[in-house]
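Chemist: Before I ask anything, here is the structure I am working with.
Read-outs: derived from the displayed coordinates by stated rules, not from any lab. Because the structure is predicted, anything quoted here is derived from the model rather than measured. Ideal geometry is used to build each Cβ from the backbone, glycine not excepted, and the neighbour counts take in all protein chains shown.
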Amino acid sequence: MQPGPCRRQDAFIPNGKFSGQMNLQLEPIGFLHSQRSDRFLAPRQPGQAPADACARIELVRGRHLDAAVSDLAGFSRIWLVWWFHKNPGWRPKVLPPQGRSGRKGVLATRSPHRPNPLGISAVPLLAAEGHRLWLGQHDLLDGTPILDIKPYLPSVDCFPNESEGWLQEVETSPGYAVELTSEAQIQMDYVVATYHPDFAQRVYSVLQVDPHPLRSRRTFRVPGGYLLVCGPWRVFYQICGQQVLIERISDLSGSVL
């Protein structure tokens, strides 16, 4: 028997390319609606979202789902099981954003690019009425298909003293101070006002942790400095010690605002 083709561990694999004997069929029970539609704007965890970040889930009608959530209102937090609908594929080995730890097996990370693109988030439940649920801080994008909802139970869902595996060996960065030139500040104010109010916070959250080139953080080395890819925007910056200076922000065409 001839051996099969060897696939690089970090090779991109399109979703749905499995040869298993079991096929599962899932249908969304609802869809999330929020002001975030670009993947760059999604925080890595719900608690990293702005305190005033809110969303709404519209449950599918005609399936008695209003009855299914009728007793949910007494819970302050819920689990959402959902689908990464904007991710086309995955890699067996990925570069986590935490430090410079090298590639890790994707199932040992929180990477959104997974063999089955399922997400799970514990989010605050603000209100539940009929076919609508209102949520607080979350890490989902507009249009996210919701597959299941469960109440969060602190008595059984919280294990704060468990081991964190390879994360315990990652050297934590002391953090970076981020400043902007006067030109970049004007451009930042324009993008925040016209594109999304969370844009500046997301840029800072990436650059303050580690601004050095890493694909999973969308940071790259370019002639004359560094580049952060932010959805339809490009942030150009310099690194000097533990300081980052944002020099300019441009759109996809390279035009300076």
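Chemist: Give the long-range amide H neighbours of SER37: residues separated by 5 or more places, or on another chain, with amide H under 5 Å away, using H modelled in the peptide plane at 1.01 Å from N.
Modeler: So SER37 has HN proximity to ASP142.
Chemist: Right, another one. Sequence-distant or interchain residues sharing an amide H contact under 5 Å with VAL244, placed H: which?
Modeler: ALA177, VAL178, GLU179
Chemist: What distance in nm separates the two pseudo spin-label positions at GLU58 and TYR204, each 7 Å out from Cα along the beta-carbon direction?
Modeler: Going by the 7 Å Cα→Cβ label model, 3.4 nm.
Chemist: Please give the length that would be gained between ALA11 and ASP71 if that part of the chain were fully extended, namely 0.36 nm times their separation in residues minus their C-alpha to C-alpha distance (nm, one decimal). List each step's numbers first, then the result.
Modeler: On the way: separation 60, 0.36 × 60 = 21.60 nm, distance 4.50 nm.
Extra length available between ALA11 and ASP71 comes to 17.1 nm.
Chemist: Same structure again: Rounded, prolate or oblate: which fits segment 135-257 when a ≥ b ≥ c are the square roots of the eigenvalues of the alpha-carbon gyration tensor, with rounded for a/c under 1.5 and prolate only if a/b beats b/c? Display every interim value, and only then the final one.
Modeler: Values: a/c = 2.51, a/b = 1.49, b/c = 1.68.
Oblate, because a/c is 1.5 or more while a/b does not exceed b/c.
Chemist: For a quick check of your reading of the filter: which trypsin sites (Lys or Arg not before Pro) in segment 86-153 sit in a DSSP loop and have no more than 16 other Cβ atoms within 10 Å?
Modeler: LYS86, ARG100, ARG103, ARG110
Chemist: Let me ask something else about it. Using 1/(1 + (r/R0)^6) with R0 = 25 angstrom and r between the beta carbons of VAL156 and HIS131, what's the FRET efficiency to the nearest 0.05?
Modeler: Computed FRET efficiency for VAL156 and HIS131 comes out at 0.35.
Chemist: Show me the GluC sites (Glu not before Pro) within segment 150-252 that DSSP assigns to loop and that have at most 14 other Cβ atoms within 10 Å of their Cβ.
Modeler: Taking segment 150-252 and a limit of 14 other Cβ atoms within 10 Å, the loop GluC sites (Glu not before Pro) found are GLU162, GLU164, GLU171.
Chemist: Starting from the Cα of LEU214, move 7 Å in the Cα-to-Cβ direction to define the label point; list residues of segment 108-134 whose amide nitrogen is under 15 Å from there.
Modeler: 109-112
Chemist: Alpha carbon centre of segment 105-182 versus segment 183-208: separation in Å?
Modeler: 23 Å
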